Amino acid sequence: MTRTLIAGNWKMNGLVGSLTEIERVAAAVAPSQTGPEILLCLPATLIHPAAAKAEGSALKIGGETCHPKEKGAHTGDISAEMLKDAGATYVIVGHSERRADHGETDAVVASQASAALRAGITPIICVGETLAQRDAGDVLNVISEQIAGSIPSEGAADTIVVAYEPVWAIGTGRVANSEQIAEVHGFIRELLTKQFGEAGRGTRILYGGSMNPGNAEEILGVAEVNGGLIGGASLKADDFLAIYRLA
Ligand code: PEP
């Protein structure tokens, strides 16, 4: 059975003082082999101390991006190996903010996901349409292109996670409705089963975009939604734990 994943994305938020929130999350989640998985993807500066706080709990720690290469002359970048060394077990790749701010293309995202697999951490590969693309009726074409271009050839059904994040729903308070989510998640599932065969039924597909404790139950109940990628509402332990408890 697919294990639900509740993943937070702190983006460029959080100082050392914010580790108290992480400590609160960790204290509330006992390790378990069953039930939903819980993860916080953090700015690189917080990964190592957060992993120390999370030790012995069910809370996992992840990064927010990684460089395709293992090491070298890439000032300011972080490799997947460095994330793993600091205690990360997951990394987000292809978030729409990275695609927009840093011009990361599907090919770059695929090489980052590939780097994560090489380092032994799980890539969460983000896809999603802009409002203009939705208004133009282009949603499924965009998703199909992003999935085809962003999943690396060595990815397997159980070594990757996909996140559907409509760009217009991120940080806007505007949530995709259940029909919109069901349509795209169902479509992604079809693409994954074409690529991976029956095993593609087990790949986790997360929804992301203004998820909060008030709407999480409905979203997590939509067919083919296997968890959430949560930005703003993951910053406060109480909100994040409330979503986790609804999963
Ligand atoms: C995100 O950054 O991945 C996200 C979904 O953000 P928010 O929940 O704030 O919309």
- [ ] For GLU70, indicate whether it is buried (at least 20 other Cβ atoms within 10 Å of the Cβ) and either out of contact with any Leu (no Cβ under 7 Å at 6 or more places or on another chain) or of a type outside the set (Gly, Ala, Ser) (or both).
- [x] no
TODO: Taking the options LEU46, LEU15, LEU39, LEU19, name whichever one is free of Cβ contacts under 8 Å to residues at least 12 places away in the same chain and hydrophobic (A, V, I, L, M, F, W, C).
DONE: LEU15
TODO: Could you pull out the residue among GLU145, GLU217, GLU165 that is touching a residue at least 24 places away in the same chain (Cβ under 8 Å), among the charged types (D, E, K, R) and within 13 Å of the ligand (Cβ to nearest atom)?
DONE: GLU165
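Taking into account only those residues within segment 103-117 that are outside any helix (DSSP H, G or I) and more than 16 Å from the ligand (Cβ to nearest atom), which is surrounded by the most Cβ atoms within 10 Å (Cβ to Cβ)?
Checked segment 103-117; the qualifying residue surrounded by the most Cβ atoms within 10 Å (Cβ to Cβ) is THR105.
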- [ ] With the checklist (1) over 20 Å from LEU5 (Cα atoms); (2) surrounded by fewer than 19 Cβ atoms within 10 Å (Cβ to Cβ) in hand, flag the one item GLY120 doesn't pass.
- [x] (1)
Open item on the list: So, GLY171, is that one in a loop (DSSP other than H, G, I, E, B), under 30 Å from HIS48 (Cβ atoms), at pLDDT below 95 and within 16 Å of the ligand (Cβ to nearest atom) or not?
Closed with: yes
Open item on the list: Of everything in segment 101-128, what is touching a Lys or Arg at 6+ places or on another chain (Cβ under 8 Å) and within 10 Å of CYS66 (Cβ to Cβ)? Give them in sequence order.
Closed with: ALA115, ALA119, ILE121
Open item on the list: Checking the conditions here, which among ILE205, ILE181 is within 16 Å of the ligand (Cβ to nearest atom) and farther than 16 Å from ILE125 by Cα?
Closed with: ILE181
Task: Hits in segment 1-12 - residues which are in contact (Cβ under 8 Å) with a residue 24 or more places away in the chain, out of contact with any strand residue (DSSP E or B) (no Cβ under 7 Å at 6 or more places or on another chain) and over 15 Å from ALA233 (Cβ atoms) - done: MET12
Open item on the list: On the basis of being more than 18 Å from the chain's Cα centre (by Cα) and at pLDDT below 95, does GLU154 make the cut?
Closed with: yes
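One line per residue, one yes/no per condition, for (1) within 16 Å of the ligand (Cβ to nearest atom); (2) assigned to a loop (DSSP other than H, G, I, E, B):
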position: MET12; (1), (2): yes, yes
position: ILE22; (1), (2): no, no
position: ALA27; (1), (2): no, no
position: SER32; (1), (2): no, yes
position: GLY35; (1), (2): no, yes
TODO: Working only within segment 85-102, note down all residues that are surrounded by 18 or more Cβ atoms within 10 Å (Cβ to Cβ), assigned to a helix (DSSP H, G or I) and away from the ligand (no atom under 16 Å from the Cβ).
DONE: ALA86
Open item on the list: Taking the conditions exactly as written (within 15 Å of the ligand (Cβ to nearest atom) and buried (at least 21 other Cβ atoms within 10 Å of the Cβ)), does ILE243 satisfy them or not?
Closed with: yes
TODO: State which residue pairs qualify: first residue under 18 Å from SER96 (Cβ atoms) and near the ligand (Cβ under 7 Å from one of its atoms) and inside segment 221-234, second residue of a type in the set (Phe, Trp, Tyr) and not in a loop (DSSP other than H, G, I, E, B) in any location, beta carbons under 9 Å apart, and separation of 6 or more residues or different chains.
DONE: LEU229/TYR164; LEU229/TYR207; ILE230/PHE240; ALA233/PHE240
Open item on the list: As an exercise: evaluate LYS69 against (1) more than 22 Å from LEU15 (Cα to Cα); (2) without any contact (Cβ under 8 Å) to a residue 40 or more places away in the chain and give the number of the one condition it does not meet.
Closed with: (2)
TODO: Give the residue that is surrounded by the fewest Cβ atoms within 10 Å (Cβ to Cβ), with candidates limited to residues of segment 174-186 that are farther than 20 Å from ILE6 by Cβ and out of contact with any Asp or Glu (no Cβ under 9 Å at 6 or more places or on another chain).
DONE: GLU179
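The values are calculated or read from the model by the stated rules, or taken from the named source; none is laboratory data. Note that the structure is a prediction, hence the values are computed from the model and not measured. Positions of Cβ are generated from backbone atoms using ideal geometry, with glycine treated the same way; all protein chains shown enter the neighbour counts.
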